[in-house]
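Input: a single structure, listed below in structure tokens.
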Amino acid sequence: MVQTVAWVVSLVCILVIAAAFGFVAVKSTQKRDYEPIVKKWYKIRKVYGTIVVILMIVAMVYTLRELPFNQPVYSKGNEPVIVDVEALQFGWNISEKEFDVGQSIEFHVTTADVTHGFGIYDEDMNLIAQTQAMPEYTNVVYITFDKPGTYTILCLEYCGLAHHIMMDEIVIK
């Protein structure tokens, strides 16, 4: 739904811009005195500018409110398991690797050497969560696994010659 709205809003904006360019192209062939045009447009440019800014803010709020940037709220007694993950060339130090289905997990991901990508893949190798592992910074990934199985952790950022062997697994029971 959000993607459809974003697509329609983008299409409308493109058409409005194309119409404006077409209008200017057609009108530019006519010779007129420039001074009256300047006075007329100086009067209404604030109105048009304000309308454009308001429309862009409305479009931004409407399309961005569905993105998953908010930290999840956990109910009392359902505190998440905090898992410390440190990436290093060419492996992972993961503090805990076995979890229960439905358990809320916070992966705190960092690295001490170079930038890495932390990607969690299901058994069909579909990416279900990701973040960057950056030196001197900790990113947090919130996830609750709905299905049991073995999930693969892969590095998503080229980090050196042995990047391709940078794998690990977590098990959901």
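The values are calculated or read from the model by the stated rules, or taken from the named source; none is laboratory data. No experiment lies behind these values; they were computed from the predicted model shown. Note that each Cβ is placed from the backbone with ideal geometry, even for glycine, and that neighbours are counted across all protein chains shown. The protein model used for the area step is the full one, side chains on, heavy atoms only, and it has no ligands, DNA or RNA in it. Shrake-Rupley method; radii C 1.70, N 1.55, O 1.52, S 1.80 Å.
Out of ALA129, ALA59, ALA87, one residue alone is under 30 Å from SER10 (Cα atoms), in contact with a Gly (Cβ under 9 Å, 6 or more places away or on another chain) and not β-branched (Val, Ile, Thr). It is ALA129.
I need the full set of residues from the stretch 153-168 which are under 20 Å from SER95 (Cα atoms) and surrounded by fewer than 15 Cβ atoms within 10 Å (Cβ to Cβ), in order please. Of everything in the stretch 153-168, those that are under 20 Å from SER95 (Cα atoms) and surrounded by fewer than 15 Cβ atoms within 10 Å (Cβ to Cβ) turn out to be ILE165, MET167. Please specify each residue of the stretch 98-136 satisfying the condition of being open to solvent by 70 Å² or more (accessible area, probe 1.4 Å), in contact (Cβ under 8 Å) with a residue 12 or more places away in the chain and not charged (D, E, K, R). Hits for the stretch 98-136 are ALA112, MET125, ILE128, GLN130.
When the stretch 138-152 is examined, which residues are found to be within 18 Å of GLY91 (Cα to Cα) and of a type outside the set (Val, Ile, Thr)? Working first, answer last.
Here is the first cut: in the stretch 138-152, the ones within 18 Å of GLY91 (Cα to Cα) are 138-139, 150-152.
Result: ASN139, TYR151.
Residues of the stretch 141-166 being hydrophobic (A, V, I, L, M, F, W, C) and without any contact (Cβ under 8 Å) to a residue 60 or more places away in the chain, which ones? Of everything in the stretch 141-166, those that are hydrophobic (A, V, I, L, M, F, W, C) and without any contact (Cβ under 8 Å) to a residue 60 or more places away in the chain turn out to be VAL141, ILE143, PHE145, LEU154, LEU156, LEU161. Tallying residues that are in a strand (DSSP E or B) and among the acidic types (Asp, Glu) within the stretch 131-173 yields 2.
Which residue is modelled with the lowest pLDDT, if the candidates are limited to the stretch 45-97 and must be surrounded by fewer than 10 Cβ atoms within 10 Å (Cβ to Cβ) and outside any loop (DSSP other than H, G, I, E, B)?
So, considering only residues that are surrounded by fewer than 10 Cβ atoms within 10 Å (Cβ to Cβ) and outside any loop (DSSP other than H, G, I, E, B), the one modelled with the lowest pLDDT is LYS46.
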